[in-house]
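Data block below; observations after.
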Amino acid sequence: MEVRRTVPVKLDVADSDAALLHETISEFLWAANYVVDHAWQGEYKTTSKAQLQRETYDDVRAKTRLQANLVQDARNKAADAVQSVVARWKQGDYAGKPHFSAPTLVYDKRCATFNDDHATLSTVAGRITARYVLPDGDRETPHSEFLFNDDYDVTGAELHYRDDEFHLHARTKADAEFETADDGNDGHNTVLGVDLGIENVAVTSTGTFWNGAELNHWHREFEKRRGSFQRCGTRAAHEPIQSVGRTETGRYDHFLHTVSKELVAEAVEHDCDVIAFENLTGIRDRMSNAKTFHVWASRRLCAYVEYKAEMVGISVEQVSPAYTSQRCSKCGFTHEDNRPASNEPDVFECLKCGYSPHADYNAAKNIGLKHLRSGQTSSGGGAPVNVRLNRGRLNVNGDYEPASDGQNGSPRESPTLNEANGSAVSELGRVVHSRLYHSTYLCFRASNGYDEIMDESLEQPA
């Protein structure tokens, strides 16, 4: 399995070399925007890199001092952006013409050389040497884990200029092999369903909740701080606004990294082979009261989970979110009124069987079951797949397998449902997550498959 990681490295650059890098970035951005302008002509947008290469290469070479490889990197950057816009159009979303203004520059191995303590980078006037500014070598950092690891090769990098400093985001790649213990169940797959939201950042089909109260609290606080500085309207307020932005992003990233690490650990603990999320396309329209921030956080969390899961041999998949919030995971009855209109977004009550679990937990199970069904091959064969629940596993045929010893076979202590919903908030700086457990084993009616399973745990208290 191929594993890719990006490692940011601060650069120490001489003043004369910094001036060359600024000139190179300026011409690189001009080249990328020139290719976008060309691709945007006419009713149909050009997305083929080969066609854009034929139609723009000579012009860009003639009008800039960029070497050939940098011209090709600028073309690739432009083509990728146009392809992304066209893909969004096909999904019915709005997207405008791309324009590049952020000071960035893409390097591949043909126009940069990456060494242990420095890199040589192509510019409009030859190559310059930029030394790495590295953390303490005794600390465990992404630099020691990926950049200086013999198992990882540096395949390219993107140069960024921010806060009056140059940073090189080095892309690394390794081929990883994961050993699977021979437990007699080769070919069996177990799925962990995950529902994303606002009040609860993530909820799994095993009944683990990661509360979003702290994340939402800090989002409100940073908005207030930023608004206060913006109302000043002075140049002196610009730098504090940037500082607030860096602190804000750092705090969010720490929170989301912690959640993603624990979520992957949850999958490992329950021997899951797949983590299933809902498809994030159009997620803002599905999440009531969602802001752009919440969509960003959901996407970032999925990205963190994906690369952490990849390192332990677990795949991450996305399924259609259609009806996962309206379907009863106990009897299969689907109706919009299963989610009654109220001020409590966590309420779910099946009109057919009366099942009333936490709405996010119900959705997480449906997401896992949806991936399970989509993975079916036929009734005549294929590897069995299961959805991981807190007290066992359930497959698409309705067969329930209790948890074995050492695999969460006994319930753990957990807070009340109100605590899981966020009425109990931990001290700032910690991720709030609560486990709810099954009080009874899962039962099923074999003749009707999992649509008739009887699950009497995780019900809302009267």
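Every number here is computed from the coordinates shown, using simple stated rules; none is lab data. Treat the numbers as computed from the prediction; the structure is a model and nothing was measured. Please note: Cβ atoms are built from the backbone with ideal geometry, for glycine as well, and neighbour counts cover all protein chains shown.
Simple spin-label model, 7 Å along Cα-to-Cβ: Lys10 to Lys97 in nm?
Output for this residue pair reads 3.9 nm.
Separation between the His169 and Ala19 pseudo-spin-labels, each 7 Å from Cα along Cα→Cβ, expressed in nm?
Label at His169, label at Ala19, 2.9 nm between them.
Using only the alpha carbons of segment 56-160, what is the convex hull's orientation-averaged projected area in square nanometres?
Its Cα hull, projected and averaged over all orientations, spans 9.4 nm².
Let's test the formula: R0 of 51 Å, r as the Cβ-Cβ distance of Asp116 and Glu317. What FRET efficiency results, to the nearest 0.05?
After rounding to 0.05, the efficiency reads 0.85.
When you count, for each residue, the other Cβ atoms within 10 Å and take the mean per peptide, how do 4-10, 76-82 rank with the highest first?
76-82, 4-10
Tell me, what is the FRET efficiency for Glu43 and Asp136 to the nearest 0.05, using R0 = 60 angstrom and their Cβ-Cβ distance as r?
E between Glu43 and Asp136, to the nearest 0.05, is 0.60.
Hey, can you rank 112-121, 271-280 by average C-beta count inside 10 Å, highest first?
271-280, 112-121
Quick check: residue separation of Leu351 and Lys261 times 0.36 nm, minus the Cα distance between them. What number comes out in nm?
28.7 nm
Please list, by residue number, every one of the chymotrypsin sites (Phe, Trp or Tyr not before Pro) in segment 26-80 that is coil in DSSP and has at most 12 other beta-carbon atoms within 10 Å.
Answer by residue number: Tyr44.
In a shell of Cβ-Cβ distance under 12 Å around Ala32, excluding Ala32 itself, what net charge do Lys and Arg (+1) and Asp and Glu (-1) give?
Charge balance in the 12 Å sphere: -2.
Stokes-Einstein at 25 °C, 0.890 mPa s, Kirkwood radius from Cα pairs: D for segment 1-122 in µm² s⁻¹?
Reported coefficient: 154 µm²/s.
Tell me the label-point distance for the pair Lys90, Asp58, using the 7 Å Cα-to-Cβ offset, in nm and rounded to one decimal.
The answer from the label model is 3.2 nm.
Any of Lys45/Lys90; Lys77/Lys291; Lys63/Lys97; Lys77/Lys97; Lys77/Lys109; Lys49/Lys77 with alpha carbons more than 20 Å apart? Name them for me.
Table pairs above 20 Å Cα-Cα are Lys77/Lys291; Lys63/Lys97.
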